[in-house]
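Here's the structure we're looking at; comments come further down.
Quick note: the coordinates plus some simple rules give every number you see, no bench work behind them. Since the model is a prediction, treat every value here as computed from it, not as a measurement. We place every Cβ from the backbone using ideal geometry, glycine too, and count neighbours over all the protein chains shown.
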Amino acid sequence: MEQQSLSVGEALLQAHNALDKDLAFLKRPVTTPAEMSQRLAMARQHLRQHFRFEEEGGYMDMVLRGQPNLHRRVEQLHEEHETLDQMLTHLIAEAAAATKLDASFQRKIQCWIDELKAHESRENEFVEVAFTQDIGQKD
């Protein structure tokens, strides 16, 4: 069972690293809207993979096993996953339909990146506190 947790953790780390690379790549200049649409689609693929590791048998399940009273906060974080995915899907559609991308579109991408990073920060803090409380209750 220890091996399974390790492999889930490694897979989550790989998904997280791939997403980080995508975020950096999204900030680089593109020559066509189609190129940006492809970059965004790749980021969405990695985003979904990252969220799937968190949601399906991932560390959020471990939080709930230890502290079922945190169910509502976990649900809120899952809802944020859906919102971030929808925002990214909208950006992909907008890039695919565009004939030219201007600075305002790049600002939209940066806004989405900022929202994602804020979400990840809240999520990490929540998990850290939840695990700390769970461990403290057992001592």
Report summary line: If the chain between Ala34 and Arg72 were fully extended at 0.36 nm per residue, the gain over the current Cα-Cα distance would be 9.8 nm
Report summary line: Output for region 75-139 (equivalent-ellipsoid semi-axes, sqrt of 5λ from the C-alpha gyration tensor, Å, descending) is 36, 11, 5
**Report entry** Cα centre as origin, Lys/Arg/Asp/Glu Cβ charges: the chain dipole, Debye
**Finding:** 580
**Report entry** Distance in nm between pseudo-label sites at Gln86 and Leu64 (7 Å out along the Cβ direction from Cα)
**Finding:** 2.1
Query raised in the report: If one computes the Cα centroid of region 38-86 and of region 9-33, what distance in Å separates the two points?
Result: 17
Report summary line: Of all trypsin sites (Lys or Arg not before Pro) in region 77-139, the ones in DSSP coil with at most 14 other Cβ atoms within 10 Å are Lys100
Report task. Putting +1 on Lys and Arg Cβ atoms and -1 on Asp and Glu Cβ atoms, find which of Leu64, Ala96, Leu23 reaches farthest to the positive end of the dipole of region 2-138. Result -> Ala96
Report summary line: Note on the chain: the mean projected area of its alpha-carbon convex hull, in nm², is 8.7
